[in-house]
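All remarks here apply to the structure that follows.
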Amino acid sequence: MTPLRSWRFKAHDGQTAEELAAALVAMAEQAPPWTPTTEAPADEAPEAEESRPVLTCLADVQPEILRWLWPARIPLGKVSLLFGDPGLGKTFVTLDIAARVSRGMPWPDTAGERLSPGAVILLSAEDDVADTIRPRLDAAGADVRRIVALQGVEYARGGRGYFNLVCDLPALEAAIRQTPDTRLVILDPVSAFLGGTDSHKNAEIRGLLAPLADLAARHDVAVLTVTHMSKGIAGRALYRAMGSLGFIAAARAAWLAIADADNPHRRLFLPAKMNLAEEPSGLAYALESVTLDGIGPVGRVAWESGSVTLTANAALAAAAADPEDRGARDVAADWLREALAAGPMTADDLKAAAKASGLAWRGVSACPCRRLTPWPKCWAWTWWRAGR
């Protein structure tokens, strides 16, 4: 049977509109019935591309020792993530890390243990190189001869553009090759280099960051990405990095920068994820000002000695508390400790005692000291539960 699309109508000069319409109707009546099919015609079917599996026998794989840029904190050959609210000094932290890499200076938690210097490639979309980044690196003691800024890309067809991860990874790889002994690449913030990729679509972000992770592995460099924290006061630290969960999923190590709930001038650097080793302790830092000749005061990171045992989740829970309520919560916590000092009390007796003391039961029963100690280890909560 001849398919309908093979019919052709040939108009003849001199035919009226009515004659043309009648001819079309006659052709339609004489045309064979058409049955739809799910198979494309042979001349339109796309050629199937032959594919073959790429297999690697694990017996042929030589085991390698995991290497670290910052021991137990930032791995080499992997992607790491630093996230937190604006104004907490995330960029100061990344530049402090860059300065230490450039001079082989000891890490804050390994005082006196110097390393061999390495090079750093910076991709910064928010700060000016001349009046912000360079002075901060100088204040941090960096060897700026080993630090380069990738500020754009040039195209073979002509013109320049801003770097983006969608199509410019070859340019980043060329930058690594052209910069001897590159140890660290910083993207701050990573959301500025996504091109047209939707930062909230998990599949797209995973597809974009996977080649970046491959690049890090090929050249044995640490890639440190920076992003902000999502809005809201609830949720585990793992889910608080802005954008898709793909950012935290791609990172082998993730760090939360957050203000200390008890001291807003003190910042905390806490592990939110560690896939490659036992989760390390956190650190604390503050931002201090130093004066550089000809420039004036410039900020830099001052790390505290010692570690921080507070977890990222506990720090977020403390930050979620209304600052205006902290005074009342502290009063309730002190009262609760005093009330239970002699031993356990039943819930009814404790509630009556709180009412007699003019305290709201809601504030007391919430165990205000939870921001200092997790509930399962809180002695006040344990005693109160034992007396119920």
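Derivation of every value follows stated rules applied to the coordinates shown; laboratory data play no part. Treat the numbers as computed from the prediction; the structure is a model and nothing was measured. Using ideal geometry, Cβ is built from the backbone for each residue, glycine included, and neighbour counts are taken over all protein chains shown.
Here are some notes:
- Sorted fewest first by neighbouring Cβ atoms within 10 angstrom, ASP96, ASP349 come out as ASP349, ASP96.
- Low-density loop cleavage sites - trypsin sites (Lys or Arg not before Pro) in segment 63-137, where at most 14 other Cβ are within 10 Å (DSSP): ARG67, ARG114
- The residues packed around TRP70, meaning those with a beta-carbon under 9 Å from its beta-carbon, carry a net charge of +1 if Lys and Arg are +1 and Asp and Glu are -1.
- Evaluated over the Cα positions of segment 69-319, the convex hull gives a direction-averaged projected area, one quarter of its surface, of 13.7 nm².
- Within the shell of other residues whose beta carbon sits under 13 angstrom from the beta carbon of GLU154, the net charge comes to +1, with Lys and Arg scored +1 and Asp and Glu -1.
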